[in-house]
1. Pairs only if they're at least six apart or on different chains, beta carbon under 8 angstrom, first in region 192-203 and without any contact (Cβ under 8 Å) to a residue 24 or more places away in the chain, second of a type in the set (Ser, Thr, Tyr); list them, first residue then second.
2. Search region 92-119 for residues that are in contact (Cβ under 8 Å) with a residue 60 or more places away in the chain and more than 20 Å from Gly52 (Cα to Cα) and pair each with any residue that is aliphatic (A, V, I, L, M) and part of a strand (DSSP E or B) when their beta-carbon atoms are under 9 Å apart and the residues are at least 6 apart or on different chains.
3. One residue is enough: does region 133-145 have a residue meeting the conditions surrounded by fewer than 19 Cβ atoms within 10 Å (Cβ to Cβ) and assigned to a loop (DSSP other than H, G, I, E, B)?
4. Report, by residue number, each residue of region 160-184 that is farther than 22 Å from Leu64 by Cα and either crowded, with 17+ Cβ neighbours inside 10 Å or touching a Phe, Trp or Tyr at 6+ places or on another chain (Cβ under 6 Å) (or both).
5. Could you count how many residues in region 185-203 are among the hydrophobic types (A, V, I, L, M, F, W, C) and over 20 Å from Leu70 (Cβ atoms)?
Amino acid sequence: MKTKSPHFFRNAAAFIVLLFIFTASLFTQPQYYNFQNVGSSNNNFPFNVAVGKQVQWLIPANSLINPSPLPAGNRITKMYFYTTSATAPTYNQLTIKAGQSSITSLPTGAWYAGTMTTLYFRASVSIPSVANGWMVITLDTPIDYDPTLSLIVEVGHCGITGTGPAVRQNTIGTNTRSYSSTTGCPHVYSGQDGNIINFGVDV
């Protein structure tokens with residue numbers, strides 16, 4: 001009976017490790033996204049603000065186009081945020097809401113006040129991020145998605161323990177991001193700009 005050499009087992013083990021890494025990378029890649037590691041702007045809002053922060057982003061209609069356009073008739077089950085560092089802070093009162101509208105920019109000088117559904121809430125939770133990759137959050141409540149409408153995403157928390165990640169963003173639109181002041185909860189509107197986060201979803 002022929003005995004396999006140690007090289008065979010080493011090569012097989014290396015192959016299994018590479019296969020595992022490749023498979024894991026598939027699970028951390030959103031099915032659909034707007035940008036991936038595009039742009040040079042990184043921002044601490046909202047995940048790396050110690051006292052708490054809230055942000056609303058307007059994701060324009062028909063912008064979740066990578067690697068192919070997200071078709072109609074789907075429900076978003078996970079949201080992805082492109083982060084620039086590997087951390088695992090604990091968030092207090094982490095909340096994600098979203099809604100859809102035909103608007104192409106957020107209202108000036110105020111929070112978006114249209115219909116929003118609470119998709120995720122944790123009184124206390126630790127969520128790991130990755131360096132130059134996608135941080136994923138599985139939603140408690142999926143949301144129907146119409147690609148012909150803008151998606152307004154609101155993320156807020158009331159403080160963190162540890163250091164959170166910055167997110168990658170692009171300056172593309174006008175009034176596509178609104179953010180709270182530095183006073184923590186309750187979140188008081190403070191300002192807005194034209195930044196759009198590198199954002200993805202699973203359906």
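Here, each number is a calculation from the coordinates, and none is a lab measurement. In this text, all values refer to a predicted model and were calculated from it rather than measured experimentally. Methodologically, a virtual Cβ is constructed for each residue, glycine included, from the backbone with ideal geometry; neighbour enumeration extends over all protein chains shown.
1. Qualifying pairs under 8 Å: Asp193/Thr171; Asp193/Thr176; Gly194/Thr171; Gly194/Thr174; Gly194/Thr176.
2. Listed by first residue and then by second, the contacts come to Thr104/Leu58; Ser105/Leu58; Leu106/Leu58; Leu106/Ile152.
3. For region 133-145, residues surrounded by fewer than 19 Cβ atoms within 10 Å (Cβ to Cβ) and assigned to a loop (DSSP other than H, G, I, E, B): absent.
4. Within region 160-184, Ile160, Gly164, Pro165, Tyr179, Ser180, Gly184 meet the criteria.
5. Qualifying residue count, region 185-203: 2.
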